[in-house]
Amino acid sequence: MFAYIVKRLLAGLVVVVLISMAVFALFWFGPESPARPVCESKTGGKCTEERLANFEESLGYNNPIYEEYGKYVKGVFVGRELTVGTQKIDCDAPCLGYSFKNNTLVWDDLVKRMPATVSVAAGGAFLYLALGIPIGVAAARRRGSLTDKVLVSTFLVVSSVPYYLFALLAWIYCTLVFEIPVLGSSGYTPFTDNPWKWATGLLLPWLCLGLFGCTQYTRYTRGAMVEALSEDYIRTAKAKGLPASTVVYRHGLRSALVPVVTVFGIDLGVLLAGTIFTEKIFEIQGIGLWGLNAVGAKDLQVVAATALFGAVVMVVSNLLVDLVYSVLDPRVRLS
Amino acid sequence: MTQTSTPSTRLDTDDFLVVENLTVEFPTPDGPVRAVNDLSYSVGLGQTLGIVGESGSGKSVSSMAVLGLHDMQRTKITGSIRVGGQEIIGLDESGMRKIRGNSAAMIFQDALAALHPFYRVGAQLAEAYVVHHPSASKRDARRKAIEMLDRVGIPQPDKRVDDFPHQFSGGMRQRAMIAMGLINDPSLLIADEPTTALDVTVQAQILDLLQDLQREFNSAVIIITHDLGVVAEMADEVLVMYAGRCVEYGACKELLTHPEMPYTWGLLSSIPDVTADTNARLIPIPGNPPSLLDPPSGCSFHPRCAHTDKVPGALCATTLPELLPGGRGTSHLKRCHLANPDEVFAREVLAEIAPDMVEETSDDRA
């Protein structure tokens, strides 16, 4: 088990390194000098060729790429000293660079924005399961009935609307049109500042994520449940004289959850890596919005950091999925 | 089973399980499928009934009805099933639950699929015990599970009780399945093809085990199989099913030595036998089982029957023969128009499949 985890983490590290290289290379070899956006911003749009050359020199873009990448990696593990314009900044490990746009250290921003994204993701993910699984089970138990058909087709309609449109409409109707009191006050307040405001501010984003995302969980759960309920061991459970609820939940749902958990692990990773649409529409200063703005501003270090962060989250969540899988299904042996 | 007073039926209404005129129908988009049609039989305590037939003949469907395992919203069941005197057709779910796994238990074929892959064997046994003994503690249930595993011949039951089904061998899984079926000491045990997924040596062990346990628990046993060898070994009585109907019903030895229905002949002709004359032929029944959506007119077996020419007129194709005693006493019922089945069997069937036995049988008849 331990050896397996170590092996998977090492493999994950390789993935993360490759992704960081790819992101680094993408900007380095891009059509425009990576120093130009910095130069434009620092000189107030008066970036002459001469100034650009100075920036390129001071930012290290005249050095070979592997040397700069080496410095970057070194910064992540032991920290480094950054040169920004004329000043020198100590960047302690893990150093992900300096955002010229925000004039902050990237790691500090990442840490600062993480709680918002985690809050959004956790609430949304909770609703995925809390809504999706019971509705899926209900539909599977009444397979072929009117209830089942109504649920399945409603959810098909919901999930065929693009998410950004769904969230935007929800926001417009809840805040602008109907001015629903609790839902209207969306926005992020740290939990530690005011738990009530934290919850009410995130309620609408949670509901949007949850209602939209739960449709696919309903489908997964329904499908897995229909399959599980037709298994021989369900007939055995009934033949033992177990009550219907025990048969459905302890025997049926227990099996049906395995594929659902697998998908959920991946989805949770995706959510944690940044809920871009949700953060943008509800103005939540999380990692998704941060990354989106950085792409617009060509803020290389921030983009690289969000990509790296996403990669780490995905590697870890994949590993967790496999570990949970081995707990859920005793036939799975990790090696 | 005792002789019945009415000649046209073998039913003993005092038996532990009495099934009368059972009909099971599934409505489908293409029309109703009558999987079991007017089936009657009874099994007494300590007795074994073998139900034989091809896939789709209704043998499993009829016995699942005994435990009320069909989805009642998709199934129409009529007739009467009495378990220990209690009518179970129309019985509500909670009443049915008290019977299932308690006074009537079922063991299934393919124990790997029939046991839950995610729960330990012991936990699955204990669950079956606790549901009918709500006051039993966890430790009691575990002790009972170990005791039952020991009883069915699982070595080191106190260790294996914590294994998962996939850690058991095929034979052991079937033993565990049997242990689970017997854990509440049922008076009726239905074994649905209990040896189908096992290799031959293990099959024999499992059949021996079932016989031992039946003697010990004195339960009524129904063994569902398509294997006449299993029937010959286990059953006191045999019921042959075809297309949802009983086509022959009688005491085991009598029925297997003097079958009176061409379908039973077909089943007998298609069994390979290692000790048989090497000249003996293996004769499959031609054609396929009929669609229950659109069953043949008259006798369901007539399109595949080689002996319809011996029946006057087109009786086989027009009229469903009744289940009546043949020429060998009131306790051997058959559903066939043939007037002299015994003769035809000896002359045409036995001569093909076991020429050395023809002489014997003729002596026997004389």
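The values are calculated or read from the model by the stated rules, or taken from the named source; none is laboratory data. Not measured: the values here are computed from a predicted model. Reconstructed Cβ throughout: ideal geometry from the backbone, glycine too, with neighbour counts over all protein chains shown. Side chains are part of the model used for accessible areas, which takes the heavy atoms of the whole protein and leaves out ligands, DNA and RNA. Shrake-Rupley method; radii C 1.70, N 1.55, O 1.52, S 1.80 Å.
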Interface residues of segment A:211-234, defined as losing at least 30 Å² of accessible area versus the chain alone with a 1.4 Å probe, are A:232, A:233
Max mean-square fluctuation residue, GNM over chain A, Cα-Cα springs under 10 Å, options A:289, A:202, A:253: A:253
Among residues of segment B:82-98, a drop of 40 Å² or more in 1.4 Å probe accessible area, assembly relative to the chain on its own, occurs for B:97
Let me check the size of segment B:259-365 from its C-alpha atoms; what are the radius of gyration and Dmax in Å? 14.7, 45
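Go through A:128, A:220, A:249 and list them by solvent-accessible area, largest first, probe radius 1.4 Å.
The residues order as A:249, A:220, A:128, largest area first.
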Pairing the Cα long axis of helix A:2-28 with the longest principal axis of chain A, what angle in degrees results, from 0 to 90 and rounded to the nearest 10? 50
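Given a cut-off of 22 Å, name the pairs among A:71/A:112; A:149/B:59; B:310/B:334 whose C-alpha atoms lie farther apart than that in the structure shown. Write out the running numbers ahead of the final one.
Details: A:71/A:112 24 Å; A:149/B:59 34 Å; B:310/B:334 16 Å.
Over 22 Å Cα-Cα: A:71/A:112; A:149/B:59.
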At 1.4 Å probe size, what's the solvent-accessible area of residue A:119? Round to the nearest 10 Å². 10
Which value, in Å², gives the accessible area per residue of chain A when a 1.4 Å probe is used on the protein heavy atoms? 50
Just which residues of segment A:315-333 lose 50 Å² or more accessible area with every protein chain there, against their chain alone, with the probe set to 1.4 Å? A:330, A:331
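Decide, for chain B, between rounded, prolate and oblate: order the square roots of the alpha carbon gyration tensor eigenvalues as a ≥ b ≥ c, take rounded if a/c falls under 1.5, and otherwise choose prolate if a/b is larger than b/c, else oblate.
Details: a/c = 2.01, a/b = 1.55, b/c = 1.30.
Prolate is the answer for chain B, as a/c is 1.5 or above and a/b outweighs b/c.
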Compute, for residue B:316, the solvent-accessible surface of its heavy atoms (probe 1.4 Å) with the complete set of protein chains present, and express it in square angstrom to the nearest 10. 20
Normalising by the residue count of segment A:255-322, find the relative contact order in percent from Cα pairs under 8 Å and 6+ residues apart. 40
Taking Cα atoms, the helix A:106-141 axis meets the longest principal axis of chain A at an angle in degrees (rounded to 10) of 20
Excluding ligands, DNA and RNA, the carbon-plus-sulfur percentage of the accessible area of segment A:1-116 with a 1.4 Å probe reads 62
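When a/c reaches 1.5 or more, the comparison of a/b and b/c decides; with that in mind, is segment B:56-112 rounded, prolate or oblate per its Cα gyration tensor? Can you show the working numbers first?
Working: a/c = 1.62, a/b = 1.18, b/c = 1.38.
Cα axes put segment B:56-112 in the oblate bin.
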How many nm separate the modelled label positions at residue A:147 and residue B:139, each set 7 Å beyond the Cα in the direction of the Cβ? 4.3
Over chain B, what is the percentage of antiparallel beta bridges among all DSSP beta bridges, to the nearest 5? 60
Cα pair distances of chain A binned at 20 Å [whole percent]: 25, 48, 23, 4, 0
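How much of the accessible area of chain B, probe 1.4 Å, is carbon plus sulfur, in whole percent?
Numbers: 7930 of 15800 Å².
Solvent-exposed carbon and sulfur of chain B make up 50 percent of the total.
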Under the Karplus relation 6.51 cos²θ - 1.76 cosθ + 1.60, θ = phi - 60°, what is the ordered set of whole-Hz ³J(HN,Hα) values for segment B:218-224, x standing for Gly and Pro? 6, 9, 7, 10, 10, 10, 9
To the nearest Å, what is the center-to-center distance of segment B:35-91 and segment A:267-335, using C-alpha atoms only? 56
Here the whole-number average of other chain Cβ atoms within 10 Å per Cβ of B:57-67 is 1
Relative contact order %, segment A:109-328, counting alpha carbon pairs below 8 Å whose residues are six or more apart: 28
What angle do you read, to the nearest 10 degrees and between 0 and 90, between the alpha-carbon axis of helix A:65-78 and the longest principal axis of chain A? 70
Relative contact order (%) - segment B:259-365, alpha-carbon pairs under 8 angstrom, separation at least six: 30
Reduced to Cα centres, the span from segment A:202-240 to segment B:223-287 in Å works out to 46
In square angstrom, rounded to the nearest 10, how much accessible surface does residue A:171 have for a 1.4 Å probe? 80
Nearest 100 Å² is fine: how much accessible area is buried between A and B, summed over both sides, with a 1.4 Å probe? 2200
Note down the magnitude of the dipole of segment A:109-328 about its Cα centre, charges +1 on Lys and Arg C-beta and -1 on Asp and Glu C-beta and zero elsewhere, to the nearest 20 debye. 780
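Hey, what's chain B come to in accessible area per residue, 1.4 Å probe, Å²? Walk me through the numbers on the way to the answer.
Numbers: 15800 Å² over 366 residues.
Value returned for chain B: 43 Å² of accessible area per residue.
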